[in-house]
Amino acid sequence: MEQYEPDSLTPLSRPQLAAMHRSFRNGRAAMSRRSLMRASAGGALAVGGLGALTGCGIPAASKSSGGISSEDHSAKEKVINFSNWTEYIDMSDDEKHRPSLEAFTKRTGIKVKYTEDINDNVEFFGKIKPQLAAGQDTGRDIIVLTDWLAARLIRYGWVQKLDPANLPHAYTNLATQFRNPDWDPGRAYSYPWTGIATVIAYNTKATGGKEITSVSQLLDDPKLKGKVGLLSEMRDTIGMTLIDMGKDPRTFKADDFDAAIARVQKAVDSKQVRRFTGNDYISDLSKGDLAACLAWAGDIVQLQADNPHVKFAIPDAGYISSTDNMLIPNKARHKTNAEKLMDYYYEPAVGAELAAWINYVSPMDTGIVGPELAKIDKDIANDPLIVPDKEMSAKAHGFRSLTAKEDTAFEQKFAQLTGG
């Protein structure tokens with residue numbers, strides 16, 4: 001574990017606070033789980049994470065720090081307490097049953113208390129922070145957090161290291177692109193629940209049939225002037241711009257970030273960009289008020305079902321990929337049971353069932369989950385936004401972890417850019 005920088009004491013600037021409020025109004029933090037993406041570290045929520053920690057007296061973690069285990073009651077207590085986002089698991093047609101969970105219980109005898117009590121990362125973190133900081137049980141065995149917050153909990157030493165012996169399917173079937181994030185190399189503390197891809201979306205009626213395939217077109221094409229949407233989440237918009245500029249968002253420098261900000265600022269000043277959006281691009285894109293925009297893949301999969309004019313493109317240069325992740329908090333009572341459930345969702349048939357229902361990127365290797373998805377729905381199995389092919393997988397880029405100082409500085413600059 002790296003030395004933790006005490007960002008809990010970092011004050012929020014006015015631009016950062018404005019960014020936080022903006023994201024709660026229309027960013028990922030404001031969205032429901034099934035058709036909409038929720039908060040990433042971009043904009044408000046990375047900042048909110050700082051604000052939520054202010055003054056809580058979290059000590060710096062030592063280089064050797066890690067999760068704190070407790071007595072595992074799995075053998076005697078056949079139960080798992082699982083906290084997840086709303087509408088983020090397969091359900092029966094009458095919405096009274098969760099088939100995959102019920103099948104797990106029937107097979108193992110382990111009952112799953114499944115609670116949809118995560119509405120956004122920061123709000124949920126506020127719920128569990130007091131117990132984690134005090135070294136107490138949160139009452140949860142599995143939590144699902146977006147990668148930026150998962151990274152922080154790992155850095156704080158607040159989640160338990162996983163036992164590979166209990167995760168044979170996860171270890172074998174996890175797609176290569178998700179195996180080694182810089183915040184959890186080798187997935188020692190986490191496994192993805194699902195992936196989130198940032199892509200380019202466009203309406204062919206609004207573009208006159210023209211394909212929009214690059215961020216350069218969004219920022220520079222005069223035929224799109226006033227009809228371009230960028231995302232209000234910093235990591236998505238600046239990450240995609242960095243990629244277009246030939247910079248790797250996994251390794252970029254501060255000067256690269258500033259250059260990307262300047263490039264987007266130029267497009268804003270020239271009125272090329274209509275506005276920065278959260279999920280509200282969906283309606284504008286469908287109507288053609290936005291001809292093209294940056295978008296989240298889960299939205300586009302569902303939007304295309306209703307509007308044949310909506311298309312998507314994966315830039316040749318690449319795209320931003322993030323994850324929502326399963327973790328086991330410190331002091332969880334049922335660690336082994338939790339690991340068994342985590343591994344269960346990496347069995348091909350089970351993972352396919354989940355992906356078919358929620359329509360997000362499957363974290364499993366395409367060659368493994370694809371055939372099982374084809375048994376359920378061939379269209380889904382052939383949709384690269386759900387099952388990335390090798391070409392798309394090779395273009396995925398994560399956004400590197402930021403230091404506390406970078407978080408503050410970058411969010412201020414992005415908030416000023418967006419007018420937050």
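Listed values, structure above:
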{"read-out": "Candidates ALA409, ALA374 - the one that is in a helix (DSSP H, G or I), out of contact with any Pro (no Cβ under 6 Å at 6 or more places or on another chain) and farther than 23 Å from THR277 by Cα", "value": "ALA374"}
{"read-out": "Those residues of segment 120-129 which are open to solvent by 30 Å² or more (accessible area, probe 1.4 Å) and either in contact (Cβ under 8 Å) with a residue 12 or more places away in the chain or of a type in the set (Asp, Glu) (or both), in sequence order", "value": "GLU123, GLY126, LYS129"}
{"read-out": "Condition broken by VAL301, with the remaining ones in (1) in a helix (DSSP H, G or I); (2) at pLDDT 95 or above satisfied", "value": "(2)"}
{"read-out": "Residue in segment 205-222 that is aliphatic (A, V, I, L, M) and closer than 30 Å to MET326 by Cβ present", "value": "no"}
{"read-out": "Evaluation of HIS334 against (1) in contact with a His (Cβ under 9 Å, 6 or more places away or on another chain); (2) open to solvent by 10 Å² or more (accessible area, probe 1.4 Å) (one fails), failing number", "value": "(2)"}
{"read-out": "Single residue of segment 132-164 satisfying the filter (open to solvent by 50 Å² or more (accessible area, probe 1.4 Å) and in contact (Cβ under 8 Å) with a residue 24 or more places away in the chain) that is nearest to the chain's Cα centre (by Cα)", "value": "LYS161"}
{"read-out": "Search result, residues across segment 226-257 that are of a type in the set (A, V, I, L, M, F, W, C), outside any helix (DSSP H, G or I) and modelled with pLDDT of 95 or more", "value": "VAL228, LEU230, MET245, PHE252"}
{"read-out": "Residue, nearest to PHE82 (Cα to Cα), within segment 339-362, restricted to residues that are touching a Ser or Thr at 6+ places or on another chain (Cβ under 7 Å) and in a helix (DSSP H, G or I)", "value": "LYS340"}
{"read-out": "Segment 358-373, residues that are farther than 15 Å from SER393 by Cβ and surrounded by fewer than 20 Cβ atoms within 10 Å (Cβ to Cβ)", "value": "PRO371"}
{"read-out": "ALA332 being at pLDDT 90 or above and either farther than 30 Å from GLY135 by Cα or assigned to a helix (DSSP H, G or I) (or both)", "value": "no"}
{"read-out": "Residue ID - most open to solvent (accessible area, probe 1.4 Å), chosen from residues in segment 380-401 that are farther than 12 Å from VAL369 by Cα and in a helix (DSSP H, G or I)", "value": "LYS390"}
{"read-out": "Given (1) farther than 26 Å from TYR88 by Cβ; (2) surrounded by fewer than 14 Cβ atoms within 10 Å (Cβ to Cβ); (3) β-branched (Val, Ile, Thr), number of the condition ILE238 does not satisfy", "value": "(2)"}
{"read-out": "Test: residue in segment 325-335 that is within 22 Å of GLN302 (Cα to Cα) and among the aliphatic types (A, V, I, L, M)", "value": "no"}
{"read-out": "Among (1) among the basic types (Lys, Arg); (2) at pLDDT 90 or above; (3) over 20 Å from ILE358 (Cα atoms), the one test that LYS378 misses", "value": "(3)"}
{"read-out": "Filter result (in a strand (DSSP E or B) and either among the acidic types (Asp, Glu) or open to solvent by 50 Å² or more (accessible area, probe 1.4 Å) (or both)) within segment 260-296", "value": "ARG274, ARG275"}
{"read-out": "Candidates ALA267, ALA259, filtered to the one that is closer than 21 Å to GLN416 by Cβ, touching a helix residue (DSSP H, G or I) at 6+ places or on another chain (Cβ under 9 Å), of a type outside the set (Asp, Glu) and in contact (Cβ under 8 Å) with a residue 40 or more places away in the chain", "value": "ALA267"}
{"read-out": "Residue match in segment 213-225 (condition: more than 26 Å from GLY246 (Cα to Cα), at pLDDT 95 or above and open to solvent by less than 20 Å² (accessible area, probe 1.4 Å))", "value": "no"}
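The values are calculated or read from the model by the stated rules, or taken from the named source; none is laboratory data. Since this is a predicted model, take the numbers as computed values, not measurements. Note that each Cβ is placed from the backbone with ideal geometry, even for glycine, and that neighbours are counted across all protein chains shown. Protein only, heavy atoms only, side chains kept; ligands, DNA and RNA dropped before computing areas. Shrake-Rupley method; radii C 1.70, N 1.55, O 1.52, S 1.80 Å.
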